[in-house]
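A short worksheet on the structure shown next.
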Amino acid sequence: MNSTDRRSLARRFWPLFPLLILVIILLLWDWNWFRPLVERQASNALNRTVLIDDLDVKLSMQPQVTLSGITVTNPPEFAADALPLAAVSSVAVRFGIRDLFDRRVRIVSLDINQPQADLRTGPKGLRNWQFSLPPADSDAKPWDVQIEALTIRDGRFALVDPALKADLKGTLRTEPVQAGGESRIRAETEGRYDGQPLKARFIGGSVLRLHTPENPYPVDLSAESGATRITLKGSLLDPLQFAGARLRLVLQGQNLSALSPLTQLPLPNTPPYRLEGDLDYSARRIFFKNFSGLMGESDLAGDIRVLMQSPRPRLEATVHSKQVRLVDLAGLIGADPNVPAETQAKGTGRVLPATPINVPRLQMADVQLDFTGAHIVGDELPFDRLSFKLLLDDGLLRVSPVDFGIGEGTLRFYATLDPRGEQLGIDATAELRRVDISRLMEKTGYQGSGRIGGIAALKSKGRSAAELLGNGDGELKLAMAGGDFSALLLDLSGLDFGNALLSAIGIGKRTEVRCLVGDFALANGKLDTRSFVLDTGNTNLLLDGGASLKDETLALRLRTQPKRANVGRLKAPIHIDGTFADPRIRPDLLDIGMRGAAAVVLGTLLTPLAALLPTLQLGPGEDRDCQTLLAQAEMTAPKQPATH
């Protein structure tokens with residue numbers, strides 16, 4: 001073949017050379033040549049080392065990329081032989097090429113086989129699932145990712161976190177498509193959370209629904225942790241955009257505080273409860289709306305909103321109750337309503353609550369709570385209704401005010417509590433306004449009339465209610481002009497046994513009250529009587545001494561000054577001592593003994609009537625003008641804190 005023929009043959013087969021080269025390349029091509037690039041890009045995106053055993057691509061208008069043997073490693077502080085954060089047997093992704101030009105990733109199918117996650121806390125407290133992701137390019141147009149079909153096979157995960165007291169294991173998979181239906185995602189977990197047994201199950205709808213707001217995404221969640229039960233059923237309107245939900249949430253358990261580790265909110269101790277309402281959300285906001293239910297024997301209803309903001313979430317709640325028991329709200333002041341007060345004090349001889357107030361939990365979130373109780377029931381206190389506003393801001397707690405309705409009168413509290421130290425600080429005032437005496441005395445079984453008012457102040461530090469009172473400084477002032485009391489107290493204080501007996505068996509004798517003034521000072525837990533006078537038509541009753549709120553001991557003395565002669569009345573002081581839990585009331589035996597001895601001597605010389613002479617009192621007491629007593633007590637109200 002001459003040169004001309006060779007050139008002619010070359011020109012004829014030259015167009016086949018590129019095809020031949022392409023065939024050779026395809027025969028020798030290995031997509032794993034790109035594996036280091038993919039590993040590097042993934043590692044940079046997660047700031048964590050990502051390893052891939054194999055990379056394969058099937059080319060078409062909807063190419064499929066398959067990655068096998070994927071491993072996402074732990075942070076460097078974890079031991080080299082620790083299980084990796086995540087491992088996946090294989091991931092196969094089929095996507096549309098044309099959509100990439102519009103910055104859209106339309107995943108036709110996503111098939112994940114045997115994904116495994118091992119979530120743990122490292123030696124330095126770093127959680128391996130917490131990533132420090134590089135900042136996103138704010139100027140770049142975001143990619144729109146859509147998944148049309150998802151399959152997960154044999155997924156497994158474990159969570160071990162000492163801080164959360166968690167040790168959980170679970171499974172994750174997609175359930176096969178039912179006839180005429182859609183595939184569902186199912187996750188189950190079991191183990192311990194916050195030291196309590198936990199069992200949870202989640203069933204969600206097809207991933208396709210995540211991108212169709214007109215076709216809401218169904219949710220069915222149930223969880224049990226100890227005695228706590230949570231169920232959540234309904235649908236998410238647009239879960240990827242956090243654009244609302246139609247969910248029904250039911251919470252049930254023995255103590256609402258058991259939800260604090262899960263919600264990261266400062267929930268108080270409560271009696272057994274069941275609450276049900278509508279759950280909704282938007283960007284960084286969660287709403288528990290139109291909820292109702294029972295907590296102990298109190299009915300509750302209202303709305304709660306949680307703002308997921310920095311540095312702390314904020315909880316805002318408006319709650320009202322038709323009937324409320326005060327003991328059901330005891331958790332708001334650090335007590336445990338599930339433990340009776342007498343049980344808490346059993347064996348201690350103490351009355352004041354010594355349960356520590358949980359100071360750290362007050363700093364978990366900011367809180368605004370408005371509560372209204374239309375009717376107070378089931379308590380031995382004379383309160384009819386209750387309303388309060390509670391504000392917790394950066395750990396500083398304010399109640400401004402707390403109003404207890406007592407008939408037509410009011411007992412009002414203002415308080416600021418500061419838990420931001422080793423002890424809880426309190427600065428509080430209270431006002432008693434036009435309270436009907438009959439409402440105060442009806443719980444005792446005795447009677448009375450008139451209106452009483454007063455003020456009190458307390459400033460202290462401590463870790464419990466007992467310590468706050470035992471370390472406190474402040475004062476208490478009371479005043480009453482006009483009215484009457486059941487005569488039992490006055491008769492007993494003067495040892496008028498006949499009248500006391502009549503009062504005790506229900507004979508309606510009353511004693512006029514011309515004026516009552518009480519003025520007490522509190523210094524380092526010691527309550528001293530500066531002045532106390534009860535001026536009646538027949539008698540002046542005087543009180544002196546005091547009590548130790550630190551030791552819970554009493555050292556009081558009652559004296560009477562009758563205004564007219566009364567045969568049978570012994571002018572013997574009454575001593576009240578002992579402890580708050582076990583008070584003792586006794587007459588002054590020395591005083592009675594001296595009078596009794598005189599009676600014996602006279603009885604031997606004169607007729608039996610002579611024995612009554614030592615008991616005759618000629619009424620040395622004088623009427624007291626109430627305005628004078630009020631001036632002496634300086635009933636000047638302390639400045640009220642600002643209302644928030």
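Out of everything in segment 55-82 that is surrounded by fewer than 17 Cβ atoms within 10 Å (Cβ to Cβ), of a type in the set (A, V, I, L, M, F, W, C) and within 26 Å of L126 (Cα to Cα), what residue ends up being farthest from the chain's Cα centre (by Cα)?
This residue is A80.
Within the set of pairs 6 or more residues apart or between chains, which connect a residue that is on the phi > 0 side of the Ramachandran plot inside segment 295-306 to a residue that is part of a strand (DSSP E or B) and surrounded by 20 or more Cβ atoms within 10 Å (Cβ to Cβ) with Cβ atoms less than 6 Å apart?
Hits for this filter: zero, empty list.
If I ask for residues that are part of a helix (DSSP H, G or I) and either out of contact with any Leu (no Cβ under 7 Å at 6 or more places or on another chain) or without any contact (Cβ under 8 Å) to a residue 12 or more places away in the chain (or both), which ones from segment 260-269 would you list? Let's see the steps before the verdict.
Here is the first cut: in segment 260-269, the residues part of a helix (DSSP H, G or I) are 260-263.
Residues satisfying the conditions are L262, T263.
Looking only at segment 455-483, which residues are under 16 Å from V533 (Cα atoms) and crowded, with 21+ Cβ neighbours inside 10 Å? Show your work before the answer.
Filtering segment 455-483 down to residues under 16 Å from V533 (Cα atoms) leaves 476-483.
K477, M480 - these are the residues of segment 455-483 that are under 16 Å from V533 (Cα atoms) and crowded, with 21+ Cβ neighbours inside 10 Å.
Restricting to segment 213-248, name every residue that is without any contact (Cβ under 8 Å) to a residue 40 or more places away in the chain, part of a strand (DSSP E or B) and farther than 18 Å from E188 by Cβ.
If the condition is that a residue be without any contact (Cβ under 8 Å) to a residue 40 or more places away in the chain, part of a strand (DSSP E or B) and farther than 18 Å from E188 by Cβ, then Y217, S235, L236, A245, R246, L247, R248 are the ones that fit.
In segment 363-393, how many are surrounded by fewer than 16 Cβ atoms within 10 Å (Cβ to Cβ), at pLDDT 85 or above and not in a strand (DSSP E or B)?
3
Conditions first: (1) of a type in the set (S, T, N, Q); (2) surrounded by fewer than 17 Cβ atoms within 10 Å (Cβ to Cβ); (3) farther than 26 Å from D194 by Cβ; (4) touching a strand residue (DSSP E or B) at 6+ places or on another chain (Cβ under 6 Å). S282 passes all but one, so which condition is the exception?
It fails just one condition, (4).
Kindly provide the set of residues from segment 423-473 that are of a type in the set (D, E) and either in a strand (DSSP E or B) or without any contact (Cβ under 8 Å) to a residue 12 or more places away in the chain (or both), ordered by number. I'd like the intermediate steps shown before the answer.
Just the residues of segment 423-473 that are of a type in the set (D, E), to begin with: 427, 431, 436, 442, 467, 473.
Within segment 423-473, D427, E431, D436, D473 qualify.
Considering I426, I437, which residue is touching a Leu at 6+ places or on another chain (Cβ under 9 Å) and surrounded by 18 or more Cβ atoms within 10 Å (Cβ to Cβ)?
Values: I437 fails: touching a Leu at 6+ places or on another chain (Cβ under 9 Å).
After ruling out the rest, the residue left standing is I426.
Mind telling me which of the residues S292, S257 ends up being at pLDDT below 90 and outside any loop (DSSP other than H, G, I, E, B)?
Values: S292 fails: at pLDDT below 90.
Testing whether each residue is at pLDDT below 90 and outside any loop (DSSP other than H, G, I, E, B) leaves just S257.
Those residues that are over 23 Å from D484 (Cα atoms) and crowded, with 16+ Cβ neighbours inside 10 Å, I need them from segment 514-527; list them, please. I'd like the intermediate steps shown before the answer.
Taking segment 514-527 as the starting set, the residues that turn out to be over 23 Å from D484 (Cα atoms) are 521-527.
L522, G525, K526, L527, listed by residue number.
Please go through segment 20-42 and give me each residue that is closer than 25 Å to V108 by Cα and at pLDDT 90 or above, ordered by number. So that I can check it myself, show each step before the final result.
Filtering segment 20-42 down to residues closer than 25 Å to V108 by Cα leaves 30-32, 34-35, 37-39, 41-42.
Listed by number, the residues that qualify are R35, L37, V38, E39, Q41, A42.
Sort out which residues of segment 109-149 are modelled with pLDDT under 90, buried (at least 16 other Cβ atoms within 10 Å of the Cβ) and over 40 Å from the mean Cα position of the chain (by Cα), and write them in order of number.
Correct list: Q146, I147, E148, A149.
Counting only residues that are buried (at least 17 other Cβ atoms within 10 Å of the Cβ) and not hydrophobic (A, V, I, L, M, F, W, C), which one in segment 324-349 is modelled with the lowest pLDDT?
G334
Anything in segment 38-49 that is closer than 13 Å to L67 by Cβ and aliphatic (A, V, I, L, M)? List them, or say none. Steps first, please.
Let us first name the residues in segment 38-49 that are closer than 13 Å to L67 by Cβ, namely 38-39, 41-42.
If the condition is that a residue be closer than 13 Å to L67 by Cβ and aliphatic (A, V, I, L, M), then V38, A42 are the ones that fit.
Among the residues of segment 270-284, write down those that are part of a strand (DSSP E or B) and modelled with pLDDT under 85. Give the steps one after another, and end with the answer.
Initially, segment 270-284 is screened for residues part of a strand (DSSP E or B), giving 273-282.
Of everything in segment 270-284, just one residue is part of a strand (DSSP E or B) and modelled with pLDDT under 85, namely S282.
Can you find, within segment 350-362, the residue that is modelled with the lowest pLDDT among those that are surrounded by fewer than 18 Cβ atoms within 10 Å (Cβ to Cβ) and not in a loop (DSSP other than H, G, I, E, B)?
Per the stated criteria, the residue is P360.
The values are calculated or read from the model by the stated rules, or taken from the named source; none is laboratory data. Values in this document were obtained by computation on a predicted structure and should not be read as measured data. Cβ atoms come from the backbone with ideal geometry, glycine included; neighbour counts cover every protein chain shown.
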